[in-house]
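What follows is a single structure, written as structure tokens, with notes after it.
Laboratory data are not the source of any read-out in this text; all were calculated from the coordinates shown. Everything numeric here is computed off the predicted structure, so don't read it as measured data. Every residue, glycine among them, receives a Cβ derived from its backbone with ideal geometry; neighbour counts consider all protein chains shown.
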Amino acid sequence: MKIGIFDSGVGGLTVLSTAMKIIPDAEYIYYADLDNVPYGTKEKEDVRKRTYDAVEFLYGMGVEAVVIACNTATSTSVEYLRKRFNIPVIGMEPAVKPAIETSNTGKVIVMATELTLKEKKYKDLVSRLEGVSIVESLPMPELVEMAENFNFNHDDVERLLNRKLEKYNLEEYSAIVLGCTHFIYFKNVLERIVPGNISVIDGNLGTVNHLQKTLQEKGNCIKSCGSIEYYVSGRKAVHGEFEKYLIYLKENNI
């Protein structure tokens, strides 16, 4: 079985890493639109076109399901894509629901890209969960740039996070949601600097579990021995271009 995983850049490798643990025998095709990253500062129609082109490429490669491992692309494009491709299209969304459900009356900070946070899909999600009064939205475009540049220097990350969070009384908060897959590379650092009352939550596991359930319901049977192919904006990736990220995730138990 071939499964396509798409992201604007390297953030979706965190989803791929999780998928490989839960569905290890699939053939994965990972597509990163590195020529156009980041998506979070682009116009909605631009993101939608680039996302469509990526999914069309993966569809042409014979994938039986696609994971849009990018919150920004999901928020702008997932419904559009589902109407145009006859395979499951699994999207990402900020894990606001589990954060609110476990909030214990504390507030929730959602870190995401600017475009994700201003999209109707996100606002409707927060409103539907009755979280308007307790959810704070915090754009963090710097983390996307740091991940893309393989800058995981913990001192640099700590300085940035402390500066961004200094306006919040963190004792009033119970959860921080990582609403961009790029941010998951920094999960361990964030967990270390915030008070112990705060849970750091991402949506990767829930997304991959949803993928697995969808494939099972469709009767898809995985009959391969596991493999990964990488593509960058429609061309074969340079050997070793992405593997260092998977090694980093494994070494840091992310």
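Quick notes on this one:
- Among Lys97, Lys123, Lys83, residue whose mean-square fluctuation peaks in a GNM of the chain (springs only between Cα atoms under 10 Å): Lys83
- Think of region 96-202 as having a plus end and a minus end, set by charges on the Cβ of Lys, Arg, Asp and Glu; of Met140, Thr102, Ser199, Thr102 sits farthest toward the positive end of this dipole.
- Residue of His154, His210, His239 that the Gaussian network model of the chain assigns the largest fluctuation, springs spanning Cα pairs under 10 Å: His239
- For Val200, the residues whose amide H sits under 5 Å from its own are Ile176, ignoring neighbours fewer than 5 places away on the same chain, with H placed 1.01 Å from N.
- Inter-centroid distance (Cα atoms) of region 109-150 relative to region 189-254, Å: 20
- Inter-probe distance in nm under a simple model that places probes 7 Å from Cα toward Cβ, at Glu229 and Asp53: 2.0
- Charge tally for Ile228 (other residues, Cβ to Cβ under 10 Å; Lys, Arg +1; Asp, Glu -1): -3.
- On the basis of the beta-carbon distance and an R0 of 51 Å, Lys218 and Asn188 show a calculated FRET efficiency of 0.90.
- Total formal charge among the other residues, if their Cβ is under 11 angstrom from that of Ser174, Lys/Arg +1 and Asp/Glu -1: -2
- Here the chain carries DSSP beta bridges of which approximately 5% are antiparallel, counting only pairs with both residues inside.
- Summing charges over all other residues whose Cβ lies under 15 Å from the Cβ of Arg50, with Lys and Arg as +1 and Asp and Glu as -1, gives -2.
- Only Lys, Arg (+1) and Asp, Glu (-1) charged, at Cβ; region 96-202 dipole about Cα centre in debye: 320
- One equal scatterer on each Cα of region 96-202, no solvent, Debye formula: the resulting log10 I(q)/I(0) at q = 0.12, 0.17 Å⁻¹ is -0.37, -0.76.
- Descending semi-axes in Å of the chain, equivalent ellipsoid built from Cα gyration tensor: 29, 20, 18
- Qualifying trypsin sites (Lys or Arg not before Pro) in region 184-253, DSSP loop, other Cβ atoms within 10 Å at most 16: Lys218, Lys223
- DSSP-defined antiparallel bridges as percent of all bridges, region 96-202, nearest 5: 0
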